[in-house]
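Novice: First, the structure itself, so that you have it in front of you.
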Amino acid sequence: MSIIEKTKSEITFSKDEFIISKTDLKGKITYCNELFIEVSQYNEDELLGAPHSLLRHPDMPSVIFAHLWSELQLGHEVFAYVKNRNKLGKFYWVLAFVTPSFNEKGELFEYFSVRRVPASQDIIETIDSLYSKLLLEEKRAGLSASQALLNKILEDKGVSYEEFIFSF
């Protein structure tokens, strides 16, 4: 595995590789694979027990995470494009698949996430543009306004959030 520096501040990894992690119900990291450690530039001791939001890039609108957590808590799987930031301040885009895990009693006990490089630069540019609009609205008028904007965009396209993610 080798990390590829695309620009001074962006990094990526091979399309054949996956970043994998598990978190507890509060989002604290309980497991991370070697690629997660390498891309994040944190060591395993820094990651385990830390909130997954440690990697949150400031360009990410809260509405995306609100959607993700809402769906997970309902026991649903979620796909989302996420821009993360590593320890050195470099960013990287992923298509995240996050799924709830249940014990033998059917109780939710952790979340499992597999992330890969988005399929194309066009996807990243489209998502980045959308996220910029949502973040601007969030800063202007709050999370509910950002949610309303996302809902309107999806309604205008005639798709659900999941359909939008898979439309690329």
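The values are calculated or read from the model by the stated rules, or taken from the named source; none is laboratory data. None of these values were measured; they are calculated from a predicted model. Using ideal geometry, Cβ is built from the backbone for each residue, glycine included, and neighbour counts are taken over all protein chains shown. Each accessible area value is taken on the protein alone, full model and side chains, heavy atoms only, with ligands, DNA and RNA left out. Shrake-Rupley method; radii C 1.70, N 1.55, O 1.52, S 1.80 Å.
Novice: For the structure I just gave you, tell me whether Tyr31 is part of a strand (DSSP E or B), without any contact (Cβ under 8 Å) to a residue 24 or more places away in the chain and either open to solvent by 10 Å² or more (accessible area, probe 1.4 Å) or under 24 Å from Ile11 (Cα atoms) (or both). Walk me through how you get there before you give the answer.
Specialist: Numbers: part of a strand (DSSP E or B): yes; without any contact (Cβ under 8 Å) to a residue 24 or more places away in the chain: yes; either open to solvent by 10 Å² or more (accessible area, probe 1.4 Å) or under 24 Å from Ile11 (Cα atoms) (or both): yes.
Criteria met by Tyr31.
Novice: Could you please give the count of residues in the stretch 71-106 that are polar (S, T, N, Q) and either farther than 17 Å from Asp24 by Cα or at pLDDT below 95 (or both)?
Specialist: Kept after step one, since they are polar (S, T, N, Q), are these residues of the stretch 71-106: 73, 84, 86, 99, 101, 103.
Next, only the ones that are either farther than 17 Å from Asp24 by Cα or at pLDDT below 95 (or both) stay: 73, 84, 86.
Residues that pass the stated criteria total 3.
Novice: Output the residue which, of all residues in the stretch 107-130 that are more than 20 Å from Phe91 (Cβ to Cβ) and among the charged types (D, E, K, R), is most open to solvent (accessible area, probe 1.4 Å).
Specialist: Keep residues of the stretch 107-130 that are more than 20 Å from Phe91 (Cβ to Cβ), which gives 107-112.
Restricting the remaining residues to those that are among the charged types (D, E, K, R) gives 107, 110.
Numbers: Glu107: 96, Glu110: 31 Å².
Looking at residues that are more than 20 Å from Phe91 (Cβ to Cβ) and among the charged types (D, E, K, R), I get Glu107.
Novice: Also, I was wondering about something else. Among the residues that make up the stretch 83-92, is at least one of them under 20 Å from Trp69 (Cα atoms), more than 16 Å from the chain's Cα centre (by Cα) and of a type in the set (Gly, Ala, Ser)? Step through it out loud before you land on a result.
Specialist: Looking only at the stretch 83-92, we keep the residues that are under 20 Å from Trp69 (Cα atoms), and these are 83-85.
Of the ones still in play, those that are also more than 16 Å from the chain's Cα centre (by Cα) are none.
No, because not a single residue in the stretch 83-92 is under 20 Å from Trp69 (Cα atoms), more than 16 Å from the chain's Cα centre (by Cα) and of a type in the set (Gly, Ala, Ser).
Novice: I'd like the residue in the stretch 141-168 that is of a type in the set (Ser, Thr, Tyr) and within 21 Å of Ser120 (Cα to Cα) and, out of all such residues, is modelled with the lowest pLDDT. Outline the logic, then answer.
Specialist: Step one: filter the stretch 141-168 for residues of a type in the set (Ser, Thr, Tyr), giving 144, 146, 160-161, 167.
Narrowing further to those that are within 21 Å of Ser120 (Cα to Cα): 161, 167.
Details: Tyr161: 92, Ser167: 89.
Among residues in the stretch 141-168 that are of a type in the set (Ser, Thr, Tyr) and within 21 Å of Ser120 (Cα to Cα), the one modelled with the lowest pLDDT is Ser167.
Novice: Of the conditions (1) farther than 27 Å from Tyr161 by Cβ; (2) touching a residue at least 60 places away in the same chain (Cβ under 8 Å), Ile20 satisfies every one except a single condition; which number is it?
Specialist: So Ile20 meets the others, but not (1).
Novice: Here is a follow-up. Which one of these is without any contact (Cβ under 8 Å) to a residue 24 or more places away in the chain and in contact with a Lys or Arg (Cβ under 8 Å, 6 or more places away or on another chain): Phe112, Phe91, Phe97? Steps first, answer last, please.
Specialist: Values: Phe112 fails: without any contact (Cβ under 8 Å) to a residue 24 or more places away in the chain; Phe91 fails: without any contact (Cβ under 8 Å) to a residue 24 or more places away in the chain.
From the options Phe112, Phe91, Phe97, the qualifying one is Phe97.
Novice: Take Leu88 and tell me if it is among the hydrophobic types (A, V, I, L, M, F, W, C) and open to solvent by less than 40 Å² (accessible area, probe 1.4 Å).
Specialist: The answer is no for Leu88.
Here's the yes/no breakdown for (1) on the phi < 0 side of the Ramachandran plot; (2) open to solvent by 60 Å² or more (accessible area, probe 1.4 Å); (3) not in a helix (DSSP H, G or I):
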| position | (1), (2), (3) |
| --- | --- |
| Phe36 | yes, no, no |
| Gly49 | no, no, yes |
| Leu54 | yes, yes, no |
| Pro58 | yes, yes, yes |
| Val63 | yes, no, no |
| Ala66 | yes, no, no |
| Glu71 | yes, no, no |
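Novice: Something else: Run Leu108 past the list (1) farther than 25 Å from Lys22 by Cα; (2) of a type outside the set (Val, Ile, Thr); (3) in contact with a strand residue (DSSP E or B) (Cβ under 8 Å, 6 or more places away or on another chain) and report the number of the one that doesn't hold.
Specialist: (1)
Novice: Considering the stretch 131-168 alone, what residues qualify as being touching a Lys or Arg at 6+ places or on another chain (Cβ under 9 Å) and loosely packed, with under 11 Cβ neighbours inside 10 Å?
Specialist: If the condition is that a residue be touching a Lys or Arg at 6+ places or on another chain (Cβ under 9 Å) and loosely packed, with under 11 Cβ neighbours inside 10 Å, then Ser167 is the only one that fits.
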